[in-house]
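See structure below.
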Amino acid sequence: MKDKLQTSITHLECSKCKKTYAHNQLRNLCDCGGPLLARYDLKAAAKTLTREALRSREANMWRYEEVLPSRECVSLGEGMTAVLHAKRMGEALGLRNLYIKDEGLNPTGSFKARGMAAAVSRAKELGAKALATPTAGNAGGALAAYAAQAGIPAVIVMPADTPLANEMECRAFGADVRKLNGLISDCGKYVAENKDKNGWYEVTTLKEPYRIEGKKTMGYELWEQFDGKLPDVIIYPTGGGVGMIGMWKAFEEMEAMGWIGHGRPRMVTVQASGCAPIVDAFEKGEESAPMWQNAATIASGLRVPKALGDFLILQAIRESEGSAVAASDEEILATSKELAAKEGMYAAPEGAATVVAAKKLAAKNWIKPDDRVVLFNTGCGYKYNEAWQKALKNGSK
Ligand SMILES: Cc1ncc(COP(=O)(O)O)c(C=O)c1O
């Protein structure tokens, strides 16, 4: 890994009111409350970020350094995860070109590594003294790991019933772990109310501008892994929606750099039936999603009752002519086993939810047999002993 990266970041821009801010100071939201997005000099970036140059770069997310926000790099080797052709699962679904991008292969076992690598790198560069986040589990583990490497204290606030592995990893990395009786939204409130008096810089989903920058690299990688094209359909398990919004942003940047044209993959959000605010809002034709009441699901990463970037997720789904699908816990658990047995993949429940969505959309012929479909397994099953115990109790196989 290079000591200093070449970034072409120019400023931050509000995703709602378009107000701009300097990028070289720690900031959270826009004054209007909208999430801030990093903007780059893409003309300059395109000069050095070429297919030719990519050939000789390391196989991790920092290979896209021109369109990442920092010169500093705190890394555990995240990114460039495998894309597997899921032939047996595809055969069962009648899909010849079904692929799974296995984000469980990232450091700390989930795609959250990408976002936190970018956020912590930037926070270190801009002088943050302590970092804090609410978490459904995996974001906390990732923050704790990168903060450890950066030598910055981290405070992780999680619901009391978060999977045990997430709590253990945070403690192992030396973070200050606080467990609350409630949901991630309650943990978010706790961080917001306590950050100023404690001097924490908040890295909460979309309240911090750079996690999305790490997550967008999934979109850049797909382009490379599909040989300079994008797939027809992307199915993504959506909680706060950072991966979805990030990939959508990546495609816009790639078009501006002349890598792709106007065409986009159809973006599909999958959520759990017990917490499906985006699916509900999509079906009702709404532009944002109200707080989901009594959120409950085995897929802990999808238990996000209110996403700050709901309007951005819904925009990406609609502009891409995509869709939104709910999967019940029963469907998720049964499909986790089927995926493991057919593909040798021990997925997170959130990842299995994407297979449920593919099944439903293929059955309706919304996905055609020859469409190139990419599912995101966002986490590794080894972190979900509680869910897997339940899955394996339900029936003998
Ligand atoms: C394994 C897993 N998948 C999906 C999600 C949802 O991610 P996002 O906030 O990008 O929608 C999470 C969030 O915690 C997660 O841990």
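Laboratory data are not the source of any read-out in this text; all were calculated from the coordinates shown. Only a predicted model underlies this, so the values are computations on that prediction, with no experimental measurement involved. Cβ: placed from backbone, ideal geometry, glycine included. Neighbour counts: every protein chain shown.
For the stretch 109-222, give me every one of the strands (runs of 3 or more DSSP E) that falls completely inside it and has 1 or more residues that are surrounded by 23 or more Cβ atoms within 10 Å (Cβ to Cβ) and within 12 Å of the ligand (Cβ to nearest atom).
On the way: elements: 131-134, 154-159, 176-180.
Strands (runs of 3 or more DSSP E) meeting the threshold: 131-134, 154-159.
In the stretch 292-325, which residue that is acidic (Asp, Glu) and not in a loop (DSSP other than H, G, I, E, B) is nearest to the ligand (Cβ to nearest atom)?
As a first pass, look at the stretch 292-325 and keep what is acidic (Asp, Glu): 310, 319, 321.
The next check asks that each one be not in a loop (DSSP other than H, G, I, E, B); those that pass are 310, 319.
Numbers: Asp310: 11, Glu319: 18 Å.
Out of the qualifying residues, it is Asp310.
With Ala362, Ala341, Ala358, Ala347 as the choices, which residue is touching a Leu at 6+ places or on another chain (Cβ under 7 Å) and surrounded by fewer than 24 Cβ atoms within 10 Å (Cβ to Cβ)? Give the derivation first.
On the way: Ala341 fails: touching a Leu at 6+ places or on another chain (Cβ under 7 Å); Ala358 fails: surrounded by fewer than 24 Cβ atoms within 10 Å (Cβ to Cβ); Ala347 fails: surrounded by fewer than 24 Cβ atoms within 10 Å (Cβ to Cβ).
None of the others qualify; the one that does is Ala362.
Could you say whether any residue in the stretch 277-284 is more than 13 Å from the ligand (Cβ to nearest atom), in a helix (DSSP H, G or I), buried (at least 19 other Cβ atoms within 10 Å of the Cβ) and among the basic types (Lys, Arg)?
For the stretch 277-284, residues more than 13 Å from the ligand (Cβ to nearest atom), in a helix (DSSP H, G or I), buried (at least 19 other Cβ atoms within 10 Å of the Cβ) and among the basic types (Lys, Arg): absent.
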